[in-house]
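Q: There's a structure below that I have some questions on.
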């Protein structure tokens, strides 16, 4: 099967949407399908075309950035050609160019599967708001014309004012998640990197620094946590210096973290080995997201498959991994006091998962399991198109 996956950002960009698409594409290629990813050349030194893990990656030059989006004048011609080569098109939303993809696919009688990740909550400012409106409009057009809508949970869709109108076309497929256990050498090297001292109690956070992630609530909760657990430290992995569209938020948060000294440590973008080690040394992973830009939070399942429970906010979709596994605590959004109490309780031993639970999670979310679900869905929509 020839599969075209379209999204704005692919590797080396790091976000939940990007990680999902990378794992999906590689797993489908491993099953023997011809997978092409059409994305942006968001950094000028990225190659326009390459093959990675059996996936053909085609990048379109960017004329300029528009808030978190990009403008690519050469996209229509490239998209038309690649859609013509494909059997099925899989678009990852939100995406500014999704309507163009969907219209081209319709004109060429190609089925379109839409993987909807989250609602796009843009930062303040006229340009950002206009860009956000444009993305919402193009996503709406795509959903009107697409064949099916894939999402991680029914919970999120049922609580979405936008998506709940399309429940008849919803297909629930869990996100692809895979983290191998860290070995002893990786853990030792990671502890050296974070200057770990015997007795330290690690709180992990792994995400880009963005307003919707609710970092300020963990900052507010930390003094209460440290009053109960004096050696508690936050180790934060992920891009925190140059997240597109989040400069004002970064400038507000960094002085607060600097005042904490070694109680808060930013690592920047971490390697796979460092991520594994972070999960292993952390007693809890925190996901204090505040709005529907976060629709699931794959990182909490990554932590759970390494045996680390999570504290996550009571957002549709986001709450499901903890509720279904029992590994961790759910808290109200924007509630630093509840966050502090939940972290303390988990670090004192509540909400830990059994080895059986961890193994079941790893099997259910394995990329091959997810790829086979997509494979069956693609075959189904192809049969409907004859």
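Q: Kindly work out what percent of the DSSP beta bridges joining two residues of the chain are antiparallel, to the nearest 5. Could you put the intermediate results ahead of the total?
A: Working: 7 of 54 bridges.
Percent antiparallel among DSSP bridges in the chain is about 15.
Q: Kirkwood Rh and Cα-based Rg: tell me the resulting Rg over Rh for the stretch 1-150, rounded to two decimals.
A: Values: Rg = 14.4 Å, Rh = 15.4 Å.
Ratio of gyration radius to Kirkwood radius for the stretch 1-150: 0.94.
Q: Note the angle between two axes, namely the Cα long axis of helix 98-107 and the longest principal axis of the Cα atoms of the chain, as a number of degrees from 0 to 90, rounded to the nearest 10.
A: Roughly 30 degrees, rounded to the nearest 10.
Q: State the volume of the convex hull built on the alpha-carbon positions of the stretch 13-87, expressed per residue in Å³ and rounded to an integer.
A: Working: hull volume 7.2 nm³, N = 75.
For the stretch 13-87, the hull spanned by Cα atoms encloses 96 Å³ per residue.
Q: How do 53, 195 rank when sorted from fewest to most other Cβ atoms within 10 Å of their own Cβ? Write out the running numbers ahead of the final one.
A: On the way: 53 14, 195 10.
Ascending number of Cβ neighbours within 10 Å: 195, 53.
Q: Whole angstrom only: what separates the Cα centroid of the stretch 154-185 from the Cα centroid of the stretch 1-40?
A: First find each Cα centre; the distance between them is then 16 Å.
Q: Another one. Is the shape of the stretch 308-350 best called rounded, prolate or oblate, per the rule: a/c under 1.5 gives rounded, else a/b larger than b/c gives prolate, else oblate, with a ≥ b ≥ c the square roots of the Cα gyration tensor eigenvalues?
A: Details: a/c = 2.98, a/b = 1.08, b/c = 2.75.
The shape class here is oblate.
Q: Calculate how steeply helix 16-30 sits against the longest principal axis of the alpha-carbon atoms of the chain, using the helix alpha-carbon long axis, and give the answer as 0 to 90 degrees to the nearest 10.
A: That helix lies at roughly 60 degrees to the long axis.
Q: So how do 233-239, 283-289 stack up, highest first, on mean other-Cβ count within 10 Å?
A: Most protected by this proxy first, the peptides run 283-289, 233-239.
Q: Sticking with this one: When you count, for each residue, the other Cβ atoms within 10 Å and take the mean per peptide, how do 25-32, 164-171 rank with the highest first? Display every interim value, and only then the final one.
A: Details: 25-32: 19.9, 164-171: 13.6.
The densest-packed peptide leads the list: 25-32, 164-171.
Q: Give me the angle, in degrees from 0 to 90, between the Cα long axis of helix 75-85 and the longest principal axis of the Cα atoms of the chain, rounded to the nearest 10.
A: With both axes taken from Cα atoms, the answer is about 70 degrees.
Q: For residue 51 and residue 180, calculate 0.36 nm times their separation in residues minus their Cα-Cα distance, and state this gained length in nm to one decimal. Intermediate results must be reported in sequence, preceding the final value.
A: On the way: separation 129, 0.36 × 129 = 46.44 nm, distance 2.39 nm.
Between residue 51 and residue 180, full extension yields 44.1 nm more.
Q: Could I ask something else about it? With the convex hull built on the Cα atoms of the stretch 125-282, state its orientation-averaged projected area in nm².
A: If you wrap the Cα atoms of the stretch 125-282 in a convex hull and average its projections, you get 12.2 nm².
Q: Of all the Cα-Cα pairs you can form in the stretch 329-386, what percent are over 18 Å apart? If you can, show how the numbers build up before the last one.
A: Numbers: 1041 of 1653 pairs.
The calculated P(r) of the stretch 329-386 puts 63 percent of pairs beyond 18 Å.
Q: Among 304, 1, 298, which comes first, then next, by fewest other beta-carbon atoms within 10 Å?
A: On the way: 304 27, 1 15, 298 21.
Going from least to most buried by this count: 1, 298, 304.
Q: Same structure, new question: Packing-wise, with mean Cβ within 10 Å as the measure, how do 223-232, 100-109, 145-154 rank, highest first? Write out the running numbers ahead of the final one.
A: Details: 223-232: 15.4, 100-109: 18.2, 145-154: 21.4.
Packing order, densest peptide first, comes out as 145-154, 100-109, 223-232.
Q: Turning to a different aspect of this structure: For the stretch 138-228, report the translational diffusion coefficient in µm²/s to the nearest whole number, using Stokes-Einstein at 20 °C, 1.002 mPa s, and a Kirkwood Rh over Cα pairs. Each step should come with its number before you reach the end.
A: Details: Rh = 17.9 Å.
It comes out at roughly 119 µm²/s.
Q: Something else about it: Is the stretch 184-364 best put as rounded, prolate or oblate by its Cα gyration tensor, with a ≥ b ≥ c the root eigenvalues, rounded for a/c under 1.5, and otherwise prolate when a/b is larger than b/c, oblate when not? Display every interim value, and only then the final one.
A: Working: a/c = 1.30, a/b = 1.11, b/c = 1.17.
Judged from the Cα gyration tensor, the stretch 184-364 comes out rounded (a/c under 1.5).
Q: Quick one: 177, 344, fewest Cβ neighbours within 10 Å first, how do they rank?
A: Details: 177 25, 344 21.
Least crowded to most crowded, the residues run 344, 177.
Q: A follow-up question, please. Using only Cα positions of the stretch 290-386, each an equal point scatterer, no hydration layer, compute I(q)/I(0) via Debye at q = 0.13, 0.14, 0.18 Å⁻¹ and quote the log10 values to two decimals.
A: Log10 I(q)/I(0), no solvent term: -0.53, -0.59, -0.84.
Q: Under a crude label model (7 Å from the Cα following the beta-carbon direction), how far is residue 78 from residue 251 in nanometres?
A: 3.2
Q: Under the rule a/c < 1.5 gives rounded, and otherwise a/b versus b/c splits prolate from oblate, where does the stretch 185-239 land using the Cα gyration tensor?
A: Details: a/c = 3.76, a/b = 1.21, b/c = 3.12.
It comes out oblate by the Cα gyration axes.
Q: How many percent of the alpha carbon pairs in the chain exceed a separation of 27 Å?
A: Values: 36124 of 74305 pairs.
Within the chain, distances greater than 27 Å cover 49 percent of Cα pairs.
Rule-based calculations on the coordinates, nothing more; no lab input. Just so you know, these numbers come straight off a predicted model, no measurement behind them. For neighbour counting, all protein chains shown are included, and Cβ atoms are generated from backbone atoms with ideal geometry for every residue, glycine included.
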